[in-house]
Every structure is written in structure tokens, then in C-alpha cells.
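Written out below as C-alpha cells is the structure these notes cover.
The values are calculated or read from the model by the stated rules, or taken from the named source; none is laboratory data. The shown structure was predicted, so the numbers you read here are calculated from the model rather than taken from an experiment. Every residue, glycine among them, receives a Cβ derived from its backbone with ideal geometry; neighbour counts consider all protein chains shown.
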Amino acid sequence: MAQMMSVQIQTGQLRSSPSFLARIVGEVAYARQVQVLEERTGWMRVAVPGSELIGWMHESALSRRRIVLQAGDADVERAATTGEIALAGKGFNEQVEREFRSRNPDLDFRKIDQMQASRPTMAQVHQFALEGRLRLAE
């Protein structure tokens, strides 16, 4: 049986090739299951069951755990919590964040929250890549 994974971010972007600069061919909502077709370093080529969507997603957007939005008794053990998802999005687990905050009590997280809320357009991403002379790996 093909490996299934869950989208663990609010909206996962399917790309035409395994690169953050590749064209977006579709989007997949949080908790939606996808079927892994192929793996490359850091990327998964996936298909969305019940649709014709196929594309590449970065592995950081996916979880091997089944994410359940309305958990029943049997599903609770498998489900990622909202807190786990939020912390994963920040790159922290609860213990690391607690330790970091205790060592840096005056640190202001507002800029980080602003960056997370930012939704640049593809035109802005391409302009950023051009200005930074970023190129797709051959």
C-alpha cells in the first residue's frame, strides 16, 4: 500500500518541481491526506486522493501522523495537537521554546509573528530570487 501523509501546515503548496521557486500547481488544506509517489532529498511528489492534483511538497509541510480534525476515541492517539502544529511551524517544541524564553526574557516575538503572517505573492518571491541572484539547482 502506498504511503499516506498529512498536510501539517495551514495550506500546503503543490509545486511543479522540487523547489520553493517552482510554479505552484495547487494547494492542499491542513490535515488533508496525500499519497506519496516519489521522494527526493527534502521533497515528496504527492497525489491528492479524490482529485487530479499531483505535485511536489516540501517534507516540512507533511507529517507521517494522521491529523484528525474531529477526533473520536480511536483517533486521539494518532492526532497531532494544535499546539504541536503551532510549535512545529515556529521550529520549536514546547521544551525548547520554554528554555529559550527563560534565557531571553526581554525578547520580543512580534516580528516573528509578523513574518509568519506574511503572505508574499509569487511575483514578490520571484523578485526576491532575482535580486538575490537565486537560481534553481540543475
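When residues in the range 62-108 are screened for being surrounded by fewer than 12 Cβ atoms within 10 Å (Cβ to Cβ), of a type in the set (D, E, K, R) and at pLDDT below 60, 2 of them pass. Taking every residue in the range 109-138 that is on the phi < 0 side of the Ramachandran plot and in contact (Cβ under 8 Å) with a residue 24 or more places away in the chain and pairing it with any residue that is surrounded by 10 or more Cβ atoms within 10 Å (Cβ to Cβ) and part of a helix (DSSP H, G or I), at least 6 positions away or on another chain, the pairs with Cβ-Cβ distances below 8 Å are Gln116/Gly89; Gln116/Lys90; Leu134/Phe128. Residues in the range 109-138 that are modelled with pLDDT of 80 or more, farther than 19 Å from Thr11 by Cα and not polar (S, T, N, Q): 7 in all.
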